[in-house]
Amino acid sequence: MSKDKWNDEEIGHWLKSVPKPEDNRSRDDILARLKADPRLRDKQPSRSRKWIPAGVAAAALLAAGILIPSLMDGGGEVSVSDSASESADDAAQTTSESFQSGRSIEQNSAASDEEMSLRSDQSVMEKGLMGAAVYPEAMEGFVPFRIGLVHEATVVPVTFLIPESVVAEDFGSVSPGDAELYNRYASQIDEEALGFDDYHPYQGTVSTDKGGVTLVLSGDHPYDTASASITTFAESVQETFRNEENVLVRDESGAPAEFDQVGALPEIATEPEGVYFAYEKNDGTTVLAPDRRFDPAHAAEAIELMKSRTTDLFEPLIPAEADLIVELPAEGDRMTIRFEEPFDFSRMDDQDAARMIDGIALTAAQYHLRVRLQNAVNPPAGYQLEDVLPLPAGPNGIILSLPG
Amino acid sequence: MDESVFHRIYEEYHQDVYRFLIYLTKDRMLSEDLLHEVYVRVLKSFGNFQGKSSERTWLFSIARNVAFDHFRRSSVRRKRTDESFDWETEQPADRGLTPEEAAVHGDDMDRLFKVLDDCTEDQRMVLIMRFLQELSIAETAEVLGWTEAKVKTTQHRAVKKARELLEGMDGWGGGGR
């Protein structure tokens, strides 16, 4: 229809009359593609091979950047439960008690390897992953192993802490890099028990040489089923090999890997990106994850974006009503975030308050900056706002105790 | 995976959600991919659907988020590869039609996409929801997370914009058919 003048009613009619596109694919084809999607496969019982044999393997909760005080010097026994909520409550309680005893983050972190290992007859905490940052003091005696786990196409970086004694036994005097740690430990993580998709290890081989890390994909790899699967794959690799400049991606012939949706993908850059938000998994646990859709120009914009809500997947960590001024350093690595009105953390749930502080620290860390919070009061237990927050080593910490 | 849920969703909503994605992307292959993602999210979370909204608006909310997630990731990927694309100021049509986009076109569809492309994102969503998908004002507000007042106001502006564009096209075209 073409005319000189349109009235509103005619526009409405015209819009409704435009021929409607149809999806001509068969229902069976659509269903077959869904059945082939690993995210929709019925969960299988946890494969025993994922765990070190009974009596030696365990996982423990790292709560709010502070190790569970009962694992520390003079602490009591740890009661490891199967319930994420119970363990979170336990951690909060023991954290609070240690704070009341006047212990600082540094004091709470100190522990011997012997005290760190859990008794073999303790039940495994399968859902003990809590959204929290891992600060350097908490890494004493551990080697961090960062990996991009996957939950329904969303990549969540997790920092496994492996006792130094175990790494020393496995690698001797050689200091393992990202690829070595990945090849040794990735297959031992029971992702489904932690509420993640069964994604690792990558279907291919990971190797390292002078040029960096190379990932050679097997011929039947599943990362090319859709544009979203490529994005998930790339983001997972980006999070897993953060200490490398980039990761070369090759097919089995040694040529740059080809993906139907994007063509050749010769390498994946591993520079940090994204703004941290809270992300709730299907099992009800909340972790910290970067939303990579944002592309902030600098750290100040990144912090401001932490208040944004643009999708139902990510929950903002900073309340929208918090007015803050971010001052970037002219030199050095200290960024100052000042709240225009005194910000009272006690008005938030303790876990939300801790996540907010950790999320800010993690987002700033993407720019290699530490954070000083000003004009804020009543921080959650274990946080001392008079000091600059330490640069976190990673998000979502879990201690992985393996047979020594 | 509960196949009975899939079959019911397919029978009642498949073509509607497919069209919705076509109107947003103008790309059949991309729409098929995004629709696959919608099904995955729906089938994984159907047990959690609490019935606070209608099933229809719930589905369109998921489809909208899937599409927007894709656009934002695409714009970040393009920025990273130094292609100039500013999601805030440019529209996908600025880069020209790909063969896949052209495949969904006919004369009326051409005019429709030109109208949609030249609207703001908010206006485009209202035109799609209210006229192409024929959702009510209340349903549109629910899908978009707006107040009904905002839907009405935006609809008024969107229709005005559409009128200007169509009259302009007809003026350039020099006559009817």
Check your understanding: Roughly how many whole Å is it from the C-alpha centroid of the range A:292-336 to that of the range B:109-172?
Key -> 32
Check your understanding: If you bin every alpha carbon distance in the range A:348-404 into 5 Å steps from zero, what whole percent lands in each bin?
Key -> 4, 17, 26, 23, 14, 7, 5, 3, 1, 0
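Using only atoms on other chains, find how many Cβ atoms lie within 10 Å of each Cβ of peptide A:8-15 and report the average.
Details: counts 6, 1, 2, 11, 6, 1, 7, 13.
Per residue, the average neighbour count from other chains is 6.
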Practice item. Would you calculate the separation in nanometres between label points at A:Lys16 and B:Thr147, each defined as 7 Å from the Cα along the Cα-to-beta-carbon direction? Key: 2.8
Review point. What percent of all Cα-Cα pairs in the range A:202-271 falls in each 10 Å bin, counting up from 0?
Key: 21, 60, 18, 0
Revision key, fill the gap. Restricting to Cα pairs under 8 Å and 6 or more apart, the percent relative contact order of the range A:310-384 works out to 35
Check your understanding: Using the alpha-carbon centroid of each, what span in Å lies between the range A:228-249 and the range B:5-26?
Key -> 32
**Study point:** For the range B:106-177, convex hull volume per residue from C-alpha positions, Å³
**Key:** 83
Study note, to complete from the structure: Neighbours of A:Leu389 by Cβ distance under 12 Å: Lys/Arg at +1, Asp/Glu at -1, summed charge -2
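Pairs to check: B:Lys44/B:Lys161; A:Lys35/B:Lys152; A:Lys307/B:Lys114; A:Lys16/B:Lys150; A:Lys281/B:Lys161. Give those whose C-alpha atoms are more than 31 Å from each other in this structure. Write out the running numbers ahead of the final one.
Working: B:Lys44/B:Lys161 39 Å; A:Lys35/B:Lys152 41 Å; A:Lys307/B:Lys114 34 Å; A:Lys16/B:Lys150 22 Å; A:Lys281/B:Lys161 42 Å.
Long pairs (Cα-Cα over 31 Å): B:Lys44/B:Lys161; A:Lys35/B:Lys152; A:Lys307/B:Lys114; A:Lys281/B:Lys161.
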Check your understanding: Which far-off residues, 5 or more places away or on another chain, put their amide H under 5 Å from the one on A:Ala376, with H placed in the peptide plane?
Key -> A:Phe343
Practice item. For B:Glu134 paired with A:Ser173, estimate the spin-label separation in nm (one decimal), with each label point 7 Å from Cα along the Cα-to-Cβ line. Key: 7.9
Review point. In nanometres, what is the gap between the two model label sites at B:Met29 and A:Gln384, each 7 Å from Cα along Cα-to-Cβ?
Key: 5.9
Exercise for review: Using the Kirkwood radius over Cα pairs, work out the Stokes-Einstein diffusion coefficient for the range A:275-333 at 37 °C and 0.692 mPa s, in µm²/s as a whole number.
Suggested key: 260
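So what's the net charge close to A:Glu341: Lys and Arg +1, Asp and Glu -1, counting the other residues with Cβ under 10 Å from its Cβ? All intermediate terms of the calculation are to be shown ahead of the outcome.
Working: positive: none; negative: A:Glu321, A:Asp323, A:Glu340, A:Asp344.
Once all neighbours under 10 Å are counted, the net charge is -4.
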Check your understanding: How much space per residue, in cubic angstrom, does the convex hull of the C-alpha atoms of the range A:291-391 take up?
Key -> 100
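Bear in mind that the values in this text are calculations on the coordinates, not laboratory data. Just so you know, these numbers come straight off a predicted model, no measurement behind them. Quick reminder, even Gly has a Cβ in these numbers, built from the backbone with ideal geometry, and neighbours come from all protein chains shown.
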